[in-house]
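Novice: Before anything else, here's the structure in question.
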Protein chains: 2
Amino acid sequence: MISFDVPLAEKALIAEIRRMAMPSGQRRRAGISVRITHSAPAVLTGIGDDCAVLRVPPDHQMLVTTDFSLEGVHFRRDWHPAEVVGHRCLTRGLSDIAAMGGEPLAAFLSLALPRDLSQTWVRRFTHALIGLAKQFGVTLGGGDTAESPNGILADIIVVGTVPKGKAVLRSGASAGDRIFVSGQLGGSAAALWQMRKKPKTKLNVREYPRHFRPQPRIELGRILRERGLPSAMIDTSDGLSTDLAHLCEESGVGAEVEAELIPRASVGKPAREVDIEFALHGGEDYELLFTAPATRRVPSRMAGVPITQIGHITRRRKILLMDRAGIRRELQPRGWEHFRR
Amino acid sequence: MISFDVPLAEKALIAEIRRMAMPSGQRRRAGISVRITHSAPAVLTGIGDDCAVLRVPPDHQMLVTTDFSLEGVHFRRDWHPAEVVGHRCLTRGLSDIAAMGGEPLAAFLSLALPRDLSQTWVRRFTHALIGLAKQFGVTLGGGDTAESPNGILADIIVVGTVPKGKAVLRSGASAGDRIFVSGQLGGSAAALWQMRKKPKTKLNVREYPRHFRPQPRIELGRILRERGLPSAMIDTSDGLSTDLAHLCEESGVGAEVEAELIPRASVGKPAREVDIEFALHGGEDYELLFTAPATRRVPSRMAGVPITQIGHITRRRKILLMDRAGIRRELQPRGWEHFRR
């Protein structure tokens, strides 16, 4: 949990994070929380004790996910403003909760900072992270701080809830199920490709929203789960080819995808559709990839997000991609490799 | 959650961790768990999905804690064998659960490894961590992996449970309460001091058990909570002076401690009591520091661990140390500063 083994400035920072994490009008000693869906606070004891104490709604199960955001692996300080790093850090965790059809409850942040990092950077990072958390009714309930020997190191933990037995797993897909994806794919990878190509040029954050400000599909995941539509679900954090392979592996099935059907993101100015390779293999779009029985009607838009059928599940444990000419080839998982320094 | 954005060897490692984490005789698809206290498995879905799904026993609340173990900050590869790093990594989290009087349920490991790290090191680390987890009925339910740009980076998350409203907080101490500590203090810091003094000499792990193999006081914490003894509790991870300051700060009280009463660890061969400075300020002993009302009798031994009264809580918000001659001076929190590379 938050400890104090860091220089005094960090101790002050923890106190500041604690204040930022506290919803306005709530007493310090009463714990720090607010929930949108449940009327009672979910985090009974937050930052300032050995553990956070969380209330679990009756007849619910808990969801837990952890995700690193490491400088030089998941972000670069010269490419990603502090706000973007904070936003993307929490999105990684929230998106995992969305992929289970869950509702996020609390986040925990382990944060190791190099000695020479400016307090301004940390404030902007934390402010963006807590801002996104509040947007989803999530309390920052604790974490850990340390001095980092090299680079900024963050690990985000998100805890959520789901009604008993209702979590949407990766393992439920059956042959004949249809495959759907939310939003558009490849937008995040296209931004990375641009930055790699021209490392000195600053990209316009608004022209690449899926890279710089990805929105976790929490509401969509919840609605899908409530309607009992998905037989299996995963978020597209590693890229379609890799994430579909995960889903198929856990379900013990294969898939056939039509390249023409895959919704591609538009990026840049003037906006142009990304290359199919980005949509197939580019990660960090944080869209939802799910399967549904052929007997169920899936709307073309849910929670304000377009839903596109891109293929179907097969018994044969291979993943095939059908091109424009109707020719099938095997789709190898070539999920996004994180950029190096 | 466990993702596959690492070289193939790491993918194989995740599969291996998944096998290691699975209790023998359990089917792969049924989820991976076993609990000591609750008959039904607590981790319904573990490694291999976007989130772990955890069952929460009825009328219980959840505890969550996160703790970094960073190379060069919390351990050094030349001082700490891989097994020791794995053991200490999980102990940090388990000890936080103990300090709430909770029972650990599941652990999650975010692990970033440098490209050149030997698979043997990782196996020994993981084996020790999972071994300790199983000893406490804890399932490794997931985590994240990444390639580290510099050094080994681990973040351990432990999730536990406690009966509703029964978590022992830091904030419950009142003036007049007595202050107790379990076991002996300073043993861990004494080992660090030895290694710093003679960096080339390998210490005998068995002569410094509290540093190399600290035992989290899970059973003691649970028994204390069941008996309703502690008004406040914390673990001694940062050192007595700092941890007592945390407890007093959260409770809005002060304390008076008698130096002569503080139980000091014996280390080395022949075994010798550590200097009082180690017992006062040395961290990472992972003992329990708690307060209890003066009206309650506290046994001198519980769960096989000696319990020693070292002082009492005062209304005046200062922490005083009384020496052998009866002279009081203010005890400044000088908790353990982690060693640098």
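Novice: Are there trypsin sites (Lys or Arg not before Pro) in the range B:176-285 that DSSP puts in a loop and that have at most 16 other Cβ atoms within 10 Å, and which ones?
Specialist: Passing sites in the range B:176-285 are B:Lys200, B:Lys202, B:Arg227.
Novice: Let me ask something additional. If you average over every viewing direction, what projected area does the convex hull of the Cα atoms of the range A:182-253 give, in nm²?
Specialist: Details: hull surface 23.3 nm².
Here the figure is 5.8 nm², rounded to one decimal.
Novice: Moving on. So what are the radius of gyration and Dmax for the Cα set of the range A:211-300, in Å?
Specialist: Reported Rg and Dmax, both Å: 14.0, 43.
Novice: Shielding by partners for B:69-77, please: the mean number of other protein chain Cβ atoms within 10 Å of each residue's Cβ.
Specialist: Mean shielding count: 3.
Novice: For the range A:137-145, in order, what is each residue's ³J(HN,Hα) by Karplus, 6.51 cos²θ - 1.76 cosθ + 1.60 with θ = phi - 60°, in whole Hz (x at glycine and Pro)?
Specialist: Computed from phi, the couplings for the range A:137-145 are x, 9, 9, 7, x, x, x, 8, 10 Hz.
Novice: Stokes-Einstein D for the protein assembly as shown at 20 °C, 1.002 mPa s, Kirkwood Rh over Cα pairs, in µm²/s?
Specialist: After rounding, the answer is 84 µm²/s.
Novice: Can you give the % of DSSP beta bridges in the protein assembly as shown that are antiparallel, to the nearest 5?
Specialist: Counting only bridges with both partners in the protein assembly as shown, antiparallel ones make up about 75 percent.
Novice: Which whole-number percent is the relative contact order of the range A:164-313 (Cα, under 8 Å, 6+ apart)?
Specialist: Values: 314 pairs, mean separation 69.4, N = 150.
Computed over the range A:164-313, the figure is 46 percent.
Novice: Taking the Cα atoms only, what angle lies between the long axis of helix A:187-197 and the longest principal axis of chain A, rounded to 10 degrees?
Specialist: For helix A:187-197, the angle is close to 80 degrees.
Novice: Any chance you could give the angle, 0 to 90 degrees and rounded to 10, that helix B:119-135 forms with the longest Cα principal axis of chain B?
Specialist: Roughly 60 degrees, rounded to the nearest 10.
Novice: Restricting things to alpha carbons, tell me how big the range B:293-339 is in terms of Rg and Dmax, in Å.
Specialist: 14.6, 42
Novice: Considering Cα pairs under 8 angstrom that are at least six residues apart, work out the relative contact order of chain A and quote it in whole percent.
Specialist: 21 percent
Novice: I've got another one for you. Once a ≥ b ≥ c are taken as the square roots of the eigenvalues of the Cα gyration tensor of the range A:134-289, is the result rounded (a/c under 1.5), prolate (a/b larger than b/c) or oblate (a/b not larger than b/c)?
Specialist: oblate
Novice: When a/c reaches 1.5 or more, the comparison of a/b and b/c decides; with that in mind, is the range A:59-124 rounded, prolate or oblate per its Cα gyration tensor?
Specialist: prolate
Novice: Looking at the calculated P(r) for the range A:127-206, what percent of the C-alpha pair distances fall above 16 Å?
Specialist: Taking all Cα-Cα pairs of the range A:127-206, the fraction more than 16 Å apart is 77 percent.
Novice: Roughly how many whole Å is it from the C-alpha centroid of the range A:110-174 to that of the range B:209-281?
Specialist: 30 Å
Novice: Largest first and in whole Å, give the semi-axes of the range B:109-170's equivalent ellipsoid, each being the square root of 5 times a Cα gyration tensor eigenvalue.
Specialist: 29, 14, 9
Novice: Any idea what angle helix B:82-98 forms with the longest principal axis of chain B, computed on alpha-carbon atoms, 0 to 90 degrees, nearest 10?
Specialist: 60 degrees
Novice: Where does chain B land on Rg/Rh, using Cα atoms and the Kirkwood Rh? Let's see the in-between values first.
Specialist: Values: Rg = 20.5 Å, Rh = 20.8 Å.
Using Cα coordinates only, the ratio equals 0.99.
Novice: Let me confirm one metric for peptide A:154-162, namely the mean number of other chain beta-carbon atoms within 10 Å of its residues' beta-carbons. Working shown, then result.
Specialist: Numbers: counts 2, 14, 4, 10, 1, 6, 2, 3, 2.
Across the residues of A:154-162, the mean count of other-chain Cβ atoms within 10 Å is 5.
Novice: Helix-only mean residue ellipticity at 222 nm, the protein assembly as shown, DSSP H runs n ≥ 4 weighted -39,500 (n - 2.57), per residue, nearest 500. What is it?
Specialist: -8000 deg cm²/dmol
Novice: With 5 Å bins from zero, work out the P(r) of the range B:52-165 over every alpha carbon pair and list the percent per bin.
Specialist: Final binned percentages: 2, 12, 23, 24, 16, 11, 6, 4, 1, 0.
Novice: Where both partners of a DSSP beta bridge lie in chain A, what percent of those bridges are antiparallel, to the nearest 5?
Specialist: Roughly 75 percent of the beta bridges in chain A run antiparallel, per DSSP.
Novice: Using a 7 Å offset from the Cα along the Cα-to-Cβ direction at both B:Leu320 and A:Ala303, what is the distance between the two label points in nm, to one decimal?
Specialist: Computed distance between label sites B:Leu320 and A:Ala303 equals 5.9 nm.
Rule-based calculations on the coordinates, nothing more; no lab input. Quick caveat, the model's predicted, so the values are computed rather than measured. Positions of Cβ are backbone-derived with ideal geometry, glycine not excepted, and every protein chain shown enters the neighbour counts.
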